[in-house]
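Read through the structure below, which is laid out as structure tokens, and then see the notes.
What follows draws every value from the coordinates through simple rules; no lab data is involved. Here the structure is a predicted model, which is why all the values come from computation and not from measurement. Ideal geometry is used to build each Cβ from the backbone, glycine not excepted, and the neighbour counts take in all protein chains shown.
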Amino acid sequence: MDEPVEIVGKRLVAFLPNLRRFAISLCRARDVADDLVQQTCERALAGAHGFDPDTRFDAWVFKILRNLWLDQLRRRNTAGPMVDLDDVPDLAVPSGEAESDARLALARVEAALQSLAPDQREVLVLVCIEELSYRDAAEVLEIPIGTVMSRLARARKALAELTGINPEAKRSSS
């Protein structure tokens, strides 16, 4: 194995959880997301010689994943049906009030996140969960930084409203 492929391969292995999380946020189906991550890894390894070590690896790989997803969306009319996460039966839940409350809260946040417009959800996941800078997120999404900032602001506001968080109530009126 030559050096660029080996370097990219090692980074990909360590980065798999991040790729999977972003893929799930895009397609909302774990099996489709896993296929998307596998295709991303294949594409990244095949294009390892094109990776510039002076750039951010995560932004490069997220861009590959997003472009593959957009290609899939364009071909969706020939693909089979997708399974929604809500249709998958829950796994066994440990007993306990705290765990149950946490799962319910997480389910509410997940539902709220999935109800966001796709462009807002993409920016929110890349910046808030994957911790990309605004500049890197703009590069991945191929949009201006100002657009990233406005979509992120709208996404945060919508998510707060959908989850019942009222930031105005916590501010003092002095």
Seminar exercise, completed: Selection over region 120-166 where residues are closer than 22 Å to LEU106 by Cβ and assigned to a helix (DSSP H, G or I) yields a count of 20
For this session: Output the residues belonging to region 1-53 that are in contact with a Ser or Thr (Cβ under 9 Å, 6 or more places away or on another chain) and either surrounded by fewer than 15 Cβ atoms within 10 Å (Cβ to Cβ) or in contact (Cβ under 8 Å) with a residue 40 or more places away in the chain (or both).
Result: LEU12, LEU19, ALA23
Exercise. In this structure, does ALA137 turn out to be over 20 Å from ARG20 (Cα atoms) and either among the small types (Gly, Ala, Ser) or within 11 Å of the chain's Cα centre (by Cα) (or both)?
Worked result: no
Exercise. Can you name every residue in region 1-37 that is among the aliphatic types (A, V, I, L, M), farther than 16 Å from LEU73 by Cβ and assigned to a helix (DSSP H, G or I)?
Worked result: VAL5, ILE7, VAL8, LEU12, VAL13, ALA14, LEU16, LEU19, VAL37
Exercise. Can you name every residue in region 54-68 that is surrounded by 15 or more Cβ atoms within 10 Å (Cβ to Cβ) and without any contact (Cβ under 8 Å) to a residue 60 or more places away in the chain?
Worked result: PHE57, TRP60, VAL61, ILE64, LEU65, LEU68
